[in-house]
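One structure is given here, and the rest of the page talks about it.
The values are calculated or read from the model by the stated rules, or taken from the named source; none is laboratory data. From a predicted model like this one, the values you see are computed outputs, not experimental measurements. Here Cβ is always computed from backbone atoms with ideal geometry, including for glycine, and neighbour counts include all displayed protein chains. Keep in mind that these areas ignore ligands, DNA and RNA; they rest on the heavy atoms of the full protein, side chains included. Shrake-Rupley method; radii C 1.70, N 1.55, O 1.52, S 1.80 Å.
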Amino acid sequence: MKIRAAVLVEFGKPLSIEEVELDPPKTGEVLVKLEACGVCHTDLYTASGADPSGYSPCVLGHEGAGVVAEVGPGVKSLAVGDRVVTLFSPECGECIHCKSGKTNICLAIREQQNLGRLPDGTTRLRRNGEELRHFMGTSTFAEYTVMPEIALAKVNPAANPEATCLLACGATTGIAAALYKAEVEPGSTVVVFGAGLVGLGAVVGAKLRGAEHIWIVDPSKERRDFACRVGATDALEGGDDAVQQILDRTDGFGADYTFEATGLVHVMGQAVEAARMGWGLCTVLGVAGKGQKLEIIPRYLITGRRVQGGSFGGARGRTHVPKLVDLYLEGKLPLDEFISHRRPLEAVNDGFELMERHDGIRTVLSFDS
Ligand code: CU
Ligand code: ZN
């Protein structure tokens, strides 16, 4: 079929909205009609050419929500009409990692996904008769996409796709990190570095877990104020002495839990040092530039601080995303407030510009039906 999609043709140039070919789903695959898609920093990072593992041409986009339009042979868990959230981090339920229950890093389709192809090593996307690759296994800046069944979370159809698409990446990364990865304890003190969608998610998750003090650290007053509206109890501007500022406000020992959501390695270092001696747990969520290193003074670890990281906040997509959608429907996740701009697919480059200007939290693309 012919579909409209935002194609990354050349790194560093605006995406090109074009008509491309999409083949029907093969075994274990599903055709999804996209209803909404968030514009995430990772899309921009790849489009800019800064990511050395990026490839082109490809169809970008990975924060999608939509409805199942067709299922390929062998698909058992999804049917036409099901509402789904796309997962760049699949959950096969059968590999050694999925079975361990200890990680969300599913091994089933990693190699081909990293190369921009579906699990059988081919693409369903074509442009002028040539191979067009699938970004992050999702390619959701498009009217339709074909994805493996194991990379789609079936969610409650009552939820608005404009909100649930945020759970495909940014919002879940922060929320799940606090709920499931760090398992923040009631009454604890939490510090979140960075008030973008991921950091705001961590604030919301910490609040849901009953944290008593939730500090947000961000240079933008607007973002700090926003974080306080969704659950942060106190705000700091941060800077070179951020750790000292936090120690001064937490009986000199630091926070029970810290979350880093900036991708800046010096802030990751601050998040480690602001975690409490004895048991403080630092969860690193930001994606640092290739080759960058995080320096930690070993004494911080010897004296009991722990450091962990979590792609997608450690969320197992097919298990946890439906639960988060239910929490949203119960009024416990302020996803609608995170949507700052709405644009049609044609204006996806607008979404990138808004992000570069730090204007708003999230731009959501909507698709004409
Ligand atoms: Cu993302
Ligand atoms: Zn797996």
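What the table shows:
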| read-out | value |
| --- | --- |
| Candidates Ala158, Ala178, Ala151, filtered to the one that is of a type outside the set (Phe, Trp, Tyr) and either within 15 Å of His62 (Cβ to Cβ) or within 16 Å of ligand 1 (Cβ to nearest atom) (or both) | Ala151 |
| Which listed residue is in contact with a helix residue (DSSP H, G or I) (Cβ under 6 Å, 6 or more places away or on another chain), closer than 21 Å to Gly263 by Cα and touching a residue at least 24 places away in the same chain (Cβ under 8 Å), from Ser53, Ser89 | Ser89 |
| Per-region count, the stretch 230-261, residues of a type outside the set (Phe, Trp, Tyr), under 20 Å from the mean Cα position of the chain (by Cα) and crowded, with 24+ Cβ neighbours inside 10 Å | 3 |
| Residues (closer than 19 Å to Phe312 by Cα and β-branched (Val, Ile, Thr)) located in the stretch 30-60 | Val39, Thr42, Thr46 |
| The stretch 71-95: number of residues that are surrounded by fewer than 17 Cβ atoms within 10 Å (Cβ to Cβ) and closer than 13 Å to Tyr144 by Cα | 0 |
| Any chance Val198 is farther than 23 Å from Gly304 by Cβ, in contact (Cβ under 8 Å) with a residue 24 or more places away in the chain and crowded, with 24+ Cβ neighbours inside 10 Å | yes |
| Test: residue in the stretch 96-105 that is open to solvent by 20 Å² or more (accessible area, probe 1.4 Å), in a loop (DSSP other than H, G, I, E, B) and of a type in the set (Lys, Arg) | yes |
| Out of Gly360, Gly331, Gly314, Gly309, sole residue that is under 16 Å from Gly201 (Cα atoms), modelled with pLDDT under 95 and open to solvent by 10 Å² or more (accessible area, probe 1.4 Å) | Gly360 |
| From the options Val325, Val321, Val348, residue that is modelled with pLDDT of 95 or more and assigned by TED's automatic domain parsing to the domain that holds Val39 | Val348 |
| All positions within the stretch 106-121 that are within 13 Å of ligand 2 (Cβ to nearest atom), in a helix (DSSP H, G or I) and open to solvent by less than 60 Å² (accessible area, probe 1.4 Å) | Gln113 |
| Single condition Asp43 does not satisfy, out of (1) within 16 Å of ligand 2 (Cβ to nearest atom); (2) under 22 Å from the mean Cα position of the chain (by Cα) | (1) |
| Among the candidates Thr164, Thr138, Thr145, residue that is within 20 Å of the chain's Cα centre (by Cα), buried (at least 23 other Cβ atoms within 10 Å of the Cβ), within 18 Å of Gly54 (Cα to Cα) and not aliphatic (A, V, I, L, M) | Thr138 |
| Residue in the stretch 322-343 that is over 25 Å from Cys98 (Cβ atoms), free of Cβ contacts under 8 Å to residues at least 24 places away in the same chain, part of a helix (DSSP H, G or I) and not basic (Lys, Arg) present | no |
| Scope the stretch 225-253; condition within 22 Å of Leu264 (Cα to Cα) and among the aliphatic types (A, V, I, L, M); matching residues | Ala227, Ala232, Ala235, Leu236, Ala242, Val243, Ile246, Leu247 |
| Residue check, Glu273 under 25 Å from Leu167 (Cβ atoms) and at pLDDT 95 or above | no |
| Selected residue [more than 19 Å from the chain's Cα centre (by Cα) and part of a loop (DSSP other than H, G, I, E, B)] from Ser77, Ser89 | Ser77 |
| Residue in the stretch 49-71 that is within 16 Å of ligand 2 (Cβ to nearest atom) and small (Gly, Ala, Ser) present | no |
